[in-house]
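Structure record follows, encoded as structure tokens.
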Amino acid sequence: MITIDNLYKTFGKVQVLKGLDLAINSGGIFAVLGPNGSGKTTLIKSILGMVIPERGSIQIKDEKILKTHQYRNGINYLPQIANFPANLTVIELLQMIKDIRNKEANENKLIELFDLTPFLKQKLGNLSGGTRQKVNLVLTFMFDSEIIILDEPTTGLDPISLIRLKKIIQEEKEKGKTILITSHIMSFVEEISDEIVFLLDGKIYFKGSINKLKEQTNQTDLEHAIANILTTQHA
């Protein structure tokens, strides 16, 4: 589904991606993990076309996508921080995104799921952080796309909304979708992911199942396995 070959990206004098190679098969939930500055956000934004690498290639379904844009309509993306226009109402934003993407949308079920009906006519600037995140989730999941990228999707969610989010992600997986997730919440990652990709200093340090990583680090949970990697590398 996604093949990344020899990817390099530099910001100023800082080399963020250093010849990164990665292949992600179609279908399943893949967590992209790494400490701050490891390159995971740059990797995600490169896949989205928001960052243009100096060298390397990215292919989605065997088609090179660098410096193209049509492929993006087949990706649903949830940004970590949703900078919505403060003067728009929720319903106006939903309609605007539907008009821009020009794809069939199924927002009503999601609005009901996340209890957003009372907020539809409220301006986005007046909403709490948690409610804005729910709007963010509706915008992400209301379109049917093969690839879904979720950057810190649990931010600001109450426990009930988190349970509902996990249910949606599993449902999308069952439809054969390819789902990439970044998160600092290791319990969430451990519960929901099929594989993890761990970045360190701009390269892939580990790719595989969580159980494999636990065995490799001799740890009983993901949080301690990741801590073991970081401790070993900085020793």
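The values are calculated or read from the model by the stated rules, or taken from the named source; none is laboratory data. As the structure is a prediction and not an experimental result, all values here were calculated from the model. No Cβ is skipped: glycine too gets one built from the backbone with ideal geometry, and neighbour counts run over all protein chains shown. Keep in mind that these areas ignore ligands, DNA and RNA; they rest on the heavy atoms of the full protein, side chains included. Shrake-Rupley method; radii C 1.70, N 1.55, O 1.52, S 1.80 Å.
Rounded to the nearest Hz, the phi-derived 3J(HN,Hα) couplings of region 97-114 under the Karplus curve 6.51 cos²θ - 1.76 cosθ + 1.60 (θ = phi - 60°) are 5, 4, 5, 5, 7, 6, 10, 4, 10, 10, 8, 4, 4, 6, 4, 5, 4, 9, where x marks glycine and proline. Computed over protein heavy atoms with a 1.4 Å probe, the accessible surface of region 84-177 works out to 51 Å² per residue. Compactness check for region 85-156: Cα Rg over 2.2 N^0.38 Å is 1.05. Taking one quarter of the surface of the C-alpha convex hull of the chain gives a mean projected area of 13.5 nm².
Site pair Met96 and Met50 shows an inter-label distance of 1.7 nm when each label is modelled 7 Å from Cα along Cα→Cβ.
Counting charges near Thr10 (Lys, Arg +1; Asp, Glu -1) among other residues having Cβ under 13 Å from its Cβ returns a value of +3. Annotation: amide H-H contacts under 5 Å for Val32 (H modelled 1.01 Å from N, sequence separation of 5 or more, or interchain): Ile181, Thr182, Ser183, Val197. Backbone N atoms of region 85-105 closer than 18 Å to the 7 Å Cα→Cβ label point of Asn126 belong to residues 85-94. Of the residues Thr3, Ala225, Met50, the one whose Cα sits farthest towards the positive end of the charge dipole of the chain is Met50 (charges of +1 on Lys and Arg Cβ, -1 on Asp and Glu Cβ, taken about the Cα centre).
Computed from backbone phi with θ = phi - 60° and the Karplus coefficients 6.51, -1.76 and 1.60, the 3J(HN,Hα) list for region 30-46 is 10, 8, 9, 10, x, x, 4, x, 7, x, 5, 5, 5, 4, 4, 5, 5 Hz; x is used for glycine and proline.
Each principal axis of the Cα cloud of region 176-231 was evaluated for its coordinate range; sorted largest first, these ranges are 34, 26, 19 Å. Charge dipole (Cα centre; +1 on Lys/Arg Cβ, -1 on Asp/Glu Cβ; no other charges) of the chain amounts to roughly 640 debye.
Can you give me the angle between helix 159-174 and the longest principal axis of the chain, using Cα atoms only, in degrees from 0 to 90, rounded to the nearest 10? So the helix axis and the longest Cα principal axis differ by about 70 degrees.
Put simply, the amide H of Ile204, placed in the peptide plane, has neighbours under 5 Å in Asp21, leaving out anything fewer than 5 places away on its chain.
Here the dipole of region 87-227 is about 320 debye; that uses its Cα centre as origin and unit charges on the Cβ of Lys and Arg (positive) and Asp and Glu (negative).
Surface composition of region 48-177: carbon and sulfur atoms hold 51% of the protein heavy-atom accessible area at a 1.4 Å probe.
Looking at the chain, what % of its DSSP beta bridges pair antiparallel, to the nearest 5? The antiparallel proportion sits near 55 percent.
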